[in-house]
Amino acid sequence: MRKLKIYLETTVFNYYFDDERDEHPATVKLFDEIMQGKFGAFTSTLVIKELSATKNDVRREKLLSLIGKYNIQVVEHDNVDINILANHYVKENIIPASYRNDAVHIAVSTFYELDCIISMNFTHINKYKTKVLVARNNAILGYIKTLDICSSWEVVE
């Protein structure tokens, strides 16, 4: 059986260490299942850039260390096709312009034909409106593969 290819958006890394969040146990379990080989895990150079902006040195190093520890493949986020797609999501009011990086995360997942983007960003990424409009717009733009948007709870066993 083919492994589900998942994209880990920035919030997933933060929730791994935030044990006060309801999603923390499922996020830790997700990383455990990645280690067990149940998923093909991807993230992007944008996630690395966002994690690198963490002000607390110790926390920043912990966040970034997850990528190597769990053998998460890093893909490039800055190319013409991804930028066009992200700009489309903003233009169509799927993602607010002031949160363009959220549009880029979705565009990266779409461009690399991943199965699912895992996000705990329930404000702009992981919400019903975004799921419906991303699916509709991706189809209109010729992206045949459907991208699911999920939380950690939705993909772990």
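The values are calculated or read from the model by the stated rules, or taken from the named source; none is laboratory data. Because the structure is predicted, anything quoted here is derived from the model rather than measured. Cβ atoms come from the backbone with ideal geometry, glycine included; neighbour counts cover every protein chain shown.
Go through 108, 90, 104, 132 for me and flag whichever is within 23 Å of residue 49 (Cβ to Cβ), modelled with pLDDT of 95 or more, out of contact with any His (no Cβ under 7 Å at 6 or more places or on another chain) and not small (Gly, Ala, Ser).
Numbers: 108 fails: out of contact with any His (no Cβ under 7 Å at 6 or more places or on another chain); 104 fails: out of contact with any His (no Cβ under 7 Å at 6 or more places or on another chain); 132 fails: within 23 Å of residue 49 (Cβ to Cβ).
Answer to the selection: 90.
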Do we find a residue being of a type in the set (A, V, I, L, M, F, W, C), free of Cβ contacts under 8 Å to residues at least 24 places away in the same chain, touching a Ser or Thr at 6+ places or on another chain (Cβ under 7 Å) and under 15 Å from residue 95 (Cβ atoms) anywhere in segment 118-136? yes
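Could you check segment 33-45 and list, in sequence order, the residues that are within 13 Å of residue 67 (Cα to Cα) and either among the basic types (Lys, Arg) or under 17 Å from the mean Cα position of the chain (by Cα) (or both)?
Keep residues of segment 33-45 that are within 13 Å of residue 67 (Cα to Cα), which gives 34-35, 40-45.
Passing the criteria: 34, 40, 41, 42, 43, 44, 45.
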Filter result for the condition that a residue is crowded, with 22+ Cβ neighbours inside 10 Å and closer than 25 Å to residue 156 by Cα, over 117, 95: 117
Looking at segment 80-132 only, could you name the residues that are among the β-branched types (Val, Ile, Thr), out of contact with any helix residue (DSSP H, G or I) (no Cβ under 6 Å at 6 or more places or on another chain) and outside any helix (DSSP H, G or I)? 123
Can you name every residue in segment 43-79 that is surrounded by 15 or more Cβ atoms within 10 Å (Cβ to Cβ), hydroxyl-bearing (Ser, Thr, Tyr) and not in a loop (DSSP other than H, G, I, E, B)? 43, 44
Name the single residue, out of those in segment 1-24 being more than 16 Å from the chain's Cα centre (by Cα), closer than 19 Å to residue 59 by Cα and of a type in the set (Asp, Glu), that is surrounded by the fewest Cβ atoms within 10 Å (Cβ to Cβ). 20
